[in-house]
Amino acid sequence: MANYAISANQLTEGTSVFIRGKLAFARLTSLIEGAALAASDQRKVQNGMSPVGKPHTTATITEAEVQFADPANPTVEEQFVSERRYTSKKNPASGANYSIDSKGTNLPIIAIPSEKGDGTYDQDTSGQELAQGLDVTLVLRVYKPKNFANRGLSLDQVIVHETPRYYNAGGVASGELAARGIVFNTPPRAVQAQPGTDSAVGNGEEPVATEVEDGLSFPAPQPAVAAPVAAPTPAQVHTQVATAPVAVLPEAPAAPVPAVQPQQETPEQKLARLERENAELKNAGSAVGAPAGQGPWGGSGDAQQAGITYQG
């Protein structure tokens, strides 16, 4: 534990301290409370820090330098803040760091350079969180908590010394858009998801994947996200096209072919047929040979044909 020359009970209530540096992390436009507070306190305990335990805002700057009202005669309060700067173990090159968790329900006033360019400031009412790396001054005020002997410090104001840039969860910086001729009439704000849906930015409590340790923001361990489950594909319905049954008619039997009746011969026809056939047999030659023109003896008379003949 560090040994400090100035203790909290030496501070004067109502005095202010200005400390300037580069913004490393801030939650200024809404309170860290509820589930975000529980998670923040758990991380602090894991990192060996004391939990805040109450709703609060927070800011951390690097390259921190107290702006002494009179450098030759720093006030007790200025010395108290200056000696509570620290060197980050994770990023020692960031120089002296300073962090404050400001308890209470009041949000700090954010002042940005006026568009008039006359060196004056306007209050930033955009409701957006400031981006990392901005040149800012934290205005701290000493107060006395109720029922507590020591004094505390609250973050009353944040003075921005350059054109403001805003924390953008994965979006494009407004300066880059403006360089390409895209200028919003009013600064855009992230759209919060409705209850029951997942948001790319988170639950509105604390910027996602950001955590403060030793005053610096770095990726916070995120709970394992289950692989997205594809919506069940409706079972493909194979529609059976109903077709009307086709009646199969029995094949009609072929028309019977009338049998060809043999033609009945009349007695006259039969007699003529027989006579014709008899004549054909009578006139037919022998099966053995042709009729001889003359007998072997050279005599006259009909020569007998060899073979069998039919004498009618």
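The values are calculated or read from the model by the stated rules, or taken from the named source; none is laboratory data. Predicted, not measured: the structure shown is a model, and the values here were computed from it. Note: ideal-geometry Cβ built from the backbone for every residue, glycine included; neighbour counts use all protein chains shown. Just the protein is used for accessible areas: all its heavy atoms, side chains included, with ligands, DNA and RNA removed. Shrake-Rupley method; radii C 1.70, N 1.55, O 1.52, S 1.80 Å.
Tabulated values for the structure
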| quantity | calculated |
| --- | --- |
| Leading residue by the ranking (surrounded by the most Cβ atoms within 10 Å (Cβ to Cβ)) among those in region 6-25 that are of a type outside the set (A, V, I, L, M, F, W, C) and assigned to a helix (DSSP H, G or I) | Gln10 |
| Breaking point among (1) assigned to a loop (DSSP other than H, G, I, E, B); (2) at negative phi; (3) small (Gly, Ala, Ser), for Ala36 | (1) |
| Matching option when the condition is over 22 Å from Leu130 (Cα atoms), open to solvent by 50 Å² or more (accessible area, probe 1.4 Å) and modelled with pLDDT of 95 or more, among Asn3, Asn73 | Asn73 |
| Unmet requirement for Lys90, which otherwise passes all of (1) charged (D, E, K, R); (2) farther than 14 Å from Ser16 by Cβ; (3) more than 38 Å from the chain's Cα centre (by Cα) | (3) |
| Unmet requirement for Ile109, which otherwise passes all of (1) open to solvent by less than 60 Å² (accessible area, probe 1.4 Å); (2) within 28 Å of Asn168 (Cβ to Cβ); (3) touching a residue at least 40 places away in the same chain (Cβ under 8 Å) | (1) |
| Single match in Gly196, Gly127, Gly133 (criterion: in a loop (DSSP other than H, G, I, E, B), modelled with pLDDT of 90 or more and more than 17 Å from Thr57 (Cα to Cα)) | Gly133 |
| Region 26-63 - residue that is among the basic types (Lys, Arg) and under 17 Å from Lys89 (Cβ atoms) and, of those, surrounded by the most Cβ atoms within 10 Å (Cβ to Cβ) | Lys44 |
| Any hit, region 84-103, residues being in contact with a Leu (Cβ under 7 Å, 6 or more places away or on another chain), loosely packed, with under 15 Cβ neighbours inside 10 Å and not hydrophobic (A, V, I, L, M, F, W, C) | yes |
